[in-house]
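**Student:** Below is a structure I'd like to ask you about.
The values are calculated or read from the model by the stated rules, or taken from the named source; none is laboratory data. Fair warning: this is a prediction, and the values are worked out from it, not measured in the lab. Please note: Cβ atoms are built from the backbone with ideal geometry, for glycine as well, and neighbour counts cover all protein chains shown. Quick note on the areas: whole protein, heavy atoms, side chains included, nothing else; ligands and nucleic acids left out. Shrake-Rupley method; radii C 1.70, N 1.55, O 1.52, S 1.80 Å.
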Amino acid sequence: MDWKTVKKTIDEENARILKTPPEDVLRVFKYEILETEGGTGGLMLGPWFEGATASRYVGPYYVYNIVKLAGLPGYTAQQVKEMTFQLLPKAVGTAKLCGMATYAELAQKVLDCMKDLDTKEDMLKLLNALYLYGSNMNAWIHHYMKWGIGQAFRIPTREELVDMGTRNVESFV
Amino acid sequence: MKKFKMRWPALKMEVMCDGISENQEALDILVDNMPVKAIQGHEMVGGWMLRARAVHLQKVPFELEAAQMKNEKMKDAPIGRVSLLFPQGGTTELLVKYDACVDDRDYIPVAQVAEKDLEVLKKVGRLQWQSATRTKEIYHVEFMEVE
Amino acid sequence: MKTWQELKAEIDRESLLTTLEPVQDVVDVFRYSISKGGAGVPNDNQIFTTWFFGGADVNYLADWCYFIIELAKKENYSMEQLCQMTRFWIKQPSEFGSYCGLRKQYEFFQQLDEIMDGLEKSELVAVLDSYRSYLSNINVWVYQYMPWGVGRAFHRKDKAYYEVGRKLAEGI
């Protein structure tokens, strides 16, 4: 596939999800549907924890950091390619298993195109498109993640911790 | 081909692991580092797999290039498959498939739990799953070369 | 300032201590729900987001080390570049991890940061390899203490589930 076509696809998908929740995110994070059947034992916390993190890392961490370095003098097109092939695959694989099918597919297309690109300029155009898309995906995932779970895990104060210590004799175990 | 044992002392269970035709050099390095002890964990996304997230290689560093090794998707591997993830220098992760899994990510297969021990492996897996999701019991896993 | 050998030895000692015994920072945050740096306090005073972000980042910190070591094997990466990559890639998540209460790993990184520019490639790789071992231990204990069982309240759903639900909702 030609890199400009891939970039156009990413840009179009990016424009679409700016105000419309991505279907993959709705499936996994809102409706607890996972077509890959990931989530050992059917438990969704694993795919949420690992999927959200992998998705956050592909774009906003890995691609962002590659782009940042690529902007510095001394980093060659070859190095940009090498860094991309080194950093992305594992996290893309996890994002895919955790249900972010479109994101993983687009990231894989970027990896496939990168093999044939020779100039930093073309690479950065493609990578920046993926970075923006990844940032949007990150935003949607964190919008739908069920943070209310946190209400079950309150932070104890120092006074409470000290008091807890004095109450240890009351424990059955 | 080298053989080793995986043992869980708290469970009084152990399984024998045989080398396979793939990645023999990788298995050699793993075995040359034995005996090794680690904390047993469980895979939370890909399916029924034991996962030891920090297996330390303190005698012989893992210096094989990633490109030298053959990969396998865990979902395609037989039950009992022992595989490495990101082995490098002094550390690797080690996974053992003990029942069905959907994990389509690449791992480095190095060994196979003996057929006769697959039921024991499954029992260990189920107990580790209970630990991960309910009891939080800490299980050590020991890796020992078998001559 | 420590030498790289002293730093590596200290990290290796800590790795050895925490291979079969819990990392204290992880016990503090994941077992006792203590907010050490204030993370989670402004967010409804809950520790879950600290677990979710801080705990997850540690696994990826270990992977950053892996990547730098792999790239360092290639001839076309200068020591200056590897130091830049180490600072760009590791510093922020490591510092964030410290804010989340995983302090020791950031202390190690800060010490590496101080001496990095004077190292040879093989010396940087040696320290990163040890650092990765320690980070892997943190990851082990994060996964040990994370309350995965909560996931039983959020079980994967299928088509049949929603079809039944839809029928039941028809009267609403």
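**Student:** Consider C:PHE52 against the criteria (1) open to solvent by 10 Å² or more (accessible area, probe 1.4 Å); (2) free of Cβ contacts under 8 Å to residues at least 12 places away in the same chain; (3) among the hydrophobic types (A, V, I, L, M, F, W, C); (4) in contact with a Gly (Cβ under 9 Å, 6 or more places away or on another chain): it satisfies all of them except one. Which criterion is unmet?
**Tutor:** Exception for C:PHE52: condition (1).
**Student:** Let me ask something else about it. Restricting the search to segment C:1-49, which residues are part of a loop (DSSP other than H, G, I, E, B) and touching a residue at least 60 places away in the same chain (Cβ under 8 Å)? Walk me through it before giving the result.
**Tutor:** Kept after step one, since they are part of a loop (DSSP other than H, G, I, E, B), are these residues of segment C:1-49: C:1-3, C:20-23, C:32-45, C:47.
Matches in segment C:1-49: C:MET1, C:LYS2, C:THR3, C:PRO22, C:VAL23, C:ILE34, C:SER35, C:LYS36, C:GLY37, C:GLY38, C:ALA39.
**Student:** Moving to a separate point now. Answer yes or no as to whether C:TYR161 is open to solvent by 80 Å² or more (accessible area, probe 1.4 Å), of a type in the set (Phe, Trp, Tyr) and in a helix (DSSP H, G or I).
**Tutor:** Yes; evaluated as a whole, the condition is true for this residue.
**Student:** From the list B:LYS70, B:LYS75, B:LYS97, which one is charged (D, E, K, R), touching a residue at least 24 places away in the same chain (Cβ under 8 Å) and either in a helix (DSSP H, G or I) or within 18 Å of C:CYS65 (Cβ to Cβ) (or both)?
**Tutor:** Selected residue: B:LYS75, the only one of B:LYS70, B:LYS75, B:LYS97 that is charged (D, E, K, R), touching a residue at least 24 places away in the same chain (Cβ under 8 Å) and either in a helix (DSSP H, G or I) or within 18 Å of C:CYS65 (Cβ to Cβ) (or both).
**Student:** If you take the residues of segment A:148-173 that are open to solvent by 70 Å² or more (accessible area, probe 1.4 Å), in a helix (DSSP H, G or I) and of a type in the set (A, V, I, L, M, F, W, C), which of them is farthest from A:TYR103 (Cα to Cα)?
**Tutor:** A:VAL169
**Student:** Which fully enclosed helices (runs of 4 or more DSSP H) of segment C:65-156 have 2 or more residues being basic (Lys, Arg) and out of contact with any Cys (no Cβ under 8 Å at 6 or more places or on another chain)?
**Tutor:** Ranges flagged: C:79-99, C:103-115.
**Student:** Across segment A:29-50, which residue is least open to solvent (accessible area, probe 1.4 Å) among those that are farther than 19 Å from A:ALA139 by Cα and of a type in the set (Ser, Thr, Tyr)?
**Tutor:** Looking at residues that are farther than 19 Å from A:ALA139 by Cα and of a type in the set (Ser, Thr, Tyr), I get A:THR40.
**Student:** So which residues in segment A:36-52 are assigned to a helix (DSSP H, G or I) and at the interface with chain C (Cβ under 7 Å from one of its Cβ atoms), if there are any at all?
**Tutor:** As a first pass, look at segment A:36-52 and keep what is assigned to a helix (DSSP H, G or I): A:40-42, A:45-52.
Scanning segment A:36-52 gives A:GLY42, A:LEU45, A:GLY46, A:PHE49.
**Student:** Could you list, in sequence order, all residues of segment B:90-134 that are of a type in the set (A, V, I, L, M, F, W, C) and either open to solvent by 10 Å² or more (accessible area, probe 1.4 Å) or over 15 Å from the mean Cα position of the chain (by Cα) (or both)?
**Tutor:** Within segment B:90-134, B:ALA100, B:CYS101, B:VAL102, B:ILE108, B:ALA114, B:LEU118, B:VAL120, B:LEU127, B:TRP129, B:ALA132 meet the criteria.
**Student:** For A:ALA129, indicate whether it is open to solvent by less than 40 Å² (accessible area, probe 1.4 Å), more than 10 Å from every other protein chain (Cβ to nearest Cβ) and out of contact with any Ser or Thr (no Cβ under 8 Å at 6 or more places or on another chain).
**Tutor:** Criteria met by A:ALA129.
**Student:** In segment B:48-67, what count of residues is obtained for those that are within 14 Å of chain A (Cβ to nearest Cβ), surrounded by fewer than 22 Cβ atoms within 10 Å (Cβ to Cβ) and under 30 Å from C:GLY149 (Cβ atoms)?
**Tutor:** Within segment B:48-67, residues that are within 14 Å of chain A (Cβ to nearest Cβ), surrounded by fewer than 22 Cβ atoms within 10 Å (Cβ to Cβ) and under 30 Å from C:GLY149 (Cβ atoms) number 1.
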